[in-house]
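Note sheet for the following structure.
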Amino acid sequence: MLTLLHEQRETTLPNAHASGDALWLDRHDIEATTGWAWKPEGLCRDDVCVPLPRDAAHSVVKHDKLDLAAMWRHMGQPVVRDATASTWVLGTGPAQRASALTSLEAPDFALPDLDGNLHRLSDYRGKKVFLATWASW
């Protein structure tokens with residue numbers, strides 16, 4: 001069983017498997033964990049489609065599964081895994097982070113207050129927010 005971390009989601013994938021640096025997922029798991037749909041033209045999300053690499057299409061697709069780690073790297077996004085390949089992280093590349101900095105809009109996240117009530121940053125869009133952080137180390 002594998003665990004995939006992407007954006008603010010943690011998903012356990014009983015049908016996925018890893019082989020070295022390859023992460024093999026079926027269509028359903030790819031869309032459920034990343035929001036990207038695997039279509040004949042490639043990986044698509046909203047109005048963006050990234051075609052499968054032509055020269056590597058035979059090594060990226062096997063037995064109705066896609067090497068999502070290879071495609072993620074092909075899209076210029078970082079991929080890391082633990083030593084046992086049981087936990088994978090699909091990161092956000094520098095271009096997307098630069099775009100977010102340019103827009104000055106922080107990515108959405110959720111944190112509990114002292115009473116345990118969950119608050120999302122997006123709930124406060126358009127309002128001034130002061131966020132104080134600290135670390136004990």
Inset, instruction - Working carefully through the options ALA95, ALA37, ALA83, ALA16, find the one that is at pLDDT below 90 and of a type in the set (A, V, I, L, M). - result: ALA95
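Table: residues versus (1) closer than 18 Å to ASP82 by Cβ; (2) in contact with an Asp or Glu (Cβ under 8 Å, 6 or more places away or on another chain); (3) in a loop (DSSP other than H, G, I, E, B); (4) polar (S, T, N, Q).
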{"position": "LEU4", "(1), (2), (3), (4)": "yes, yes, no, no"}
{"position": "THR12", "(1), (2), (3), (4)": "yes, no, no, yes"}
{"position": "ALA18", "(1), (2), (3), (4)": "yes, no, no, no"}
{"position": "ASP29", "(1), (2), (3), (4)": "no, no, no, no"}
{"position": "THR33", "(1), (2), (3), (4)": "yes, no, no, yes"}
{"position": "CYS44", "(1), (2), (3), (4)": "no, no, no, no"}
Legend entry - When residues of segment 100-137 are limited to those that are of a type in the set (A, V, I, L, M) and assigned to a loop (DSSP other than H, G, I, E, B), the one surrounded by the most Cβ atoms within 10 Å (Cβ to Cβ): ALA106
Inset, instruction - Could you please give the count of residues in segment 25-34 that are buried (at least 19 other Cβ atoms within 10 Å of the Cβ) and over 17 Å from PRO78 (Cα atoms)? - result: 2
Inset, instruction - Run LYS62 past the list (1) surrounded by 15 or more Cβ atoms within 10 Å (Cβ to Cβ); (2) touching a residue at least 24 places away in the same chain (Cβ under 8 Å); (3) more than 18 Å from THR11 (Cα to Cα) and report the number of the one that doesn't hold. - result: (1)
Inset, instruction - Using the structure shown, decide if TRP88 is in contact (Cβ under 8 Å) with a residue 60 or more places away in the chain and either hydrophobic (A, V, I, L, M, F, W, C) or not in a loop (DSSP other than H, G, I, E, B) (or both). - result: yes
Inset, instruction - Give ALA16, ALA37, ALA22, ALA83 a once-over and let me know the one that is closer than 26 Å to ARG120 by Cβ and either surrounded by 17 or more Cβ atoms within 10 Å (Cβ to Cβ) or free of Cβ contacts under 8 Å to residues at least 40 places away in the same chain (or both). - result: ALA37
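The values are calculated or read from the model by the stated rules, or taken from the named source; none is laboratory data. Everything quoted here is computed from the prediction, not taken from an experiment. Methodologically, a virtual Cβ is constructed for each residue, glycine included, from the backbone with ideal geometry; neighbour enumeration extends over all protein chains shown.
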